[in-house]
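A.B. asks: Following this message is one structure expressed as structure tokens.
The numbers here are math on the coordinates, done by the rules we state, and not lab data. Note that the structure is predicted; figures quoted are calculated from it, not measured. Cβ atoms come from the backbone with ideal geometry, glycine included; neighbour counts cover every protein chain shown.
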């Protein structure tokens, strides 16, 4: 069991390390489905690369996937608006739907197209190799360092956008950098975990954390803890019941979220107000 599941566990925890943090930004900004949209754009890039003859997982395929996510990053950075009716979430939803449709159309023209779409959704976490884990961990370390260095800017824009505007910051410029780093992360993770699990890594731990606190440090600790519990439980159930790994882990995340809602009802509805500090 350990030999089979250990690479998947390590890979999942590596992905969770950065996804849980960025999920806090996503929830705070109210752009819940941005991960799905960018992940689907990455999936569209991977599909286009396969259709063009690039081998899955190759540098060429990754470059095409990255190009599509950079396009999404640019689009989302210029569509933040204070419109009475049109929210950024509407633009994100449109991008997700169009990217999904384009992915299906491309996959329909390729051999094993249905299997390819299923793999993009559920991932191949169980078959990840140690060399790939090493490459992902190295890139995630660089991305994590970049986010640490820029944490005050990113957290202020996410949690206190009006303060950022009053300081005269270029919100669109910082948003593009945020989404560009986000896109690099998602392009890597979709290849391993699939669209559904990538979304779960990003959003569900952050939702659990916001149920109990608004302080940045506590948010991150709770997100990491809840995500780790869900990941370990999902992988264990997947192995014992001989079920597909990705969908089982997604359901484990949902179970942890339900448990968090129950705990919040038991211990009361109040939670500490958001802190003005940073991580």
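A.B. asks: Assuming R0 = 41 Å, what is the FRET efficiency of residue 118 and residue 63, from their Cβ-Cβ distance, to the nearest 0.05?
C.D. replies: 0.95
A.B. asks: May I pose another question? Using Cα springs under 10 Å in a Gaussian network model of the chain, which residue among 206, 73, 59 shows the largest mean-square fluctuation?
C.D. replies: Looking only at 206, 73, 59, the biggest GNM fluctuation is shown by 59.
A.B. asks: Could I ask something else about it? Take each of the peptides 257-266, 93-102, 33-42, average the number of other beta-carbon atoms within 10 Å over its residues, and list them starting from the highest.
C.D. replies: Put in order of decreasing packing, that is 33-42, 93-102, 257-266.
A.B. asks: While we're looking at this one, here's another question. Give the peptides 43-50, 224-231 in descending order of average Cβ contacts within 10 Å, highest first.
C.D. replies: Packing proxy ranking, top to bottom: 43-50, 224-231.
A.B. asks: Could you tell me the extents of the chain's C-alpha atoms along the three principal axes, largest first, rounded to whole Å?
C.D. replies: 53, 41, 34
A.B. asks: If you don't mind, there's one more thing I want to ask. Can you tell me which of 238-248, 13-23, 192-202 comes out highest on packing, and rank the rest after it, using the mean Cβ neighbours within 10 Å?
C.D. replies: Ranking, from highest mean packing down: 192-202, 13-23, 238-248.
A.B. asks: Report, in deg cm²/dmol and to the nearest 500, the calculated mean residue ellipticity at 222 nm for the chain, where each DSSP H run with n ≥ 4 adds -39500 (n - 2.57) and the sum is divided by the residue count.
C.D. replies: -27500 deg cm²/dmol
A.B. asks: Here is a follow-up. Set the Förster radius R0 to 35 Å, insert the Cβ-Cβ distance between residue 241 and residue 262 as r into 1/(1 + (r/R0)^6), and round the FRET efficiency to 0.05.
C.D. replies: After rounding, the FRET efficiency stands at 0.90.
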